[in-house]
1. Can you tell me which residues in region 59-90 are under 15 Å from the mean Cα position of the chain (by Cα) and among the small types (G, A, S)?
2. Quick check on G88: is it touching a residue at least 60 places away in the same chain (Cβ under 8 Å) and touching a strand residue (DSSP E or B) at 6+ places or on another chain (Cβ under 9 Å)?
3. Taking the stated definitions as given, is A151 of a type in the set (A, V, I, L, M) and assigned to a loop (DSSP other than H, G, I, E, B)?
4. Could you please tell me which pairs satisfy a Cβ distance under 8 Å, a separation of 6+ or placement on different chains, a first residue in region 129-151 that is over 23 Å from I79 (Cα atoms), and a second residue that is of a type in the set (F, W, Y) and within 16 Å of the ligand (Cβ to nearest atom)?
5. Assuming L56 fulfils every condition listed in (1) free of Cβ contacts under 8 Å to residues at least 60 places away in the same chain; (2) under 17 Å from the mean Cα position of the chain (by Cα); (3) within 21 Å of A177 (Cβ to Cβ) apart from one, which condition is it?
6. Check off (1) closer than 14 Å to P173 by Cβ; (2) assigned to a helix (DSSP H, G or I); (3) over 11 Å from the mean Cα position of the chain (by Cα) for E132 and give me the number that stays unchecked.
Amino acid sequence: MGSKIIERDWQPAPAPETSSLATLKKAAKACTACHLFRHATQTVFGGGPEGATLMLLGEQPGDQEDLTGKPFVGPAGKILDRALEDAGIDRRKVYVTNTVKHFKWEPRGKRRIHKKPNSREIAACRPWLEAELRVVRPGLLVCLGATAAQAVFGPAFRVTRDRGRVLEAELAPKVMATVHPSSLLRQPDEEAREREYKLFVADLRVALKAL
Ligand code: URA
């Protein structure tokens, strides 16, 4: 019963009130708001210019992001880079971050396999996302995949139904959702991969136009 009371009253720790991304990033290094820090190498904070007009929001760091401390540098990041370029977007001008900032994984042999973050872990990380949005104030937030989109719009949101539409949310005045670039890696064949890639680039072009 005691633990239930703690659970109901639980609140994520606030992020520092600051207008500096460097200060936020430094503070986030010590985040223990959920248990994920225990098995991750480091906090993977967002990266990109403070004045970015476009912010991309992924799910959580993967294996390579965990090791390097940078978002979207692994296989999904490579696809993202190519798609941004094809859409005419310069990644160096984009702020890229994740809904959850520690890698959640389970061992499979020698590999670390990605595990989807749960609602408690997403809630624990939310103050960091709110702080990033407060500092960067992007003209458009683009959610990559269902975890990011549902963290922003709520659990009823469906990427398949509402992708590519510029909508309003409590967290940010202009938000668009599209698929996660890693979903392109999971397509059954080359034809499907190519088709889905083109749709992803088309969504990114909508984002560019909406800025
Ligand atoms: N997938 C994500 O959602 N974010 C990353 O940074 C890498 C892979």
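1. Those that are under 15 Å from the mean Cα position of the chain (by Cα) and among the small types (G, A, S): G62, G69, G74, A76, G77.
2. no
3. Answer is no for this residue.
4. E132/Y95; V136/Y95
5. Condition (1) is where L56 drops out.
6. Of everything listed in (1) closer than 14 Å to P173 by Cβ; (2) assigned to a helix (DSSP H, G or I); (3) over 11 Å from the mean Cα position of the chain (by Cα), E132 misses just condition (1).
A short reminder: the numbers here are calculations on the coordinates, not readings from a lab. Predicted, not measured: the structure shown is a model, and the values here were computed from it. Positions of Cβ are generated from backbone atoms using ideal geometry, with glycine treated the same way; all protein chains shown enter the neighbour counts.
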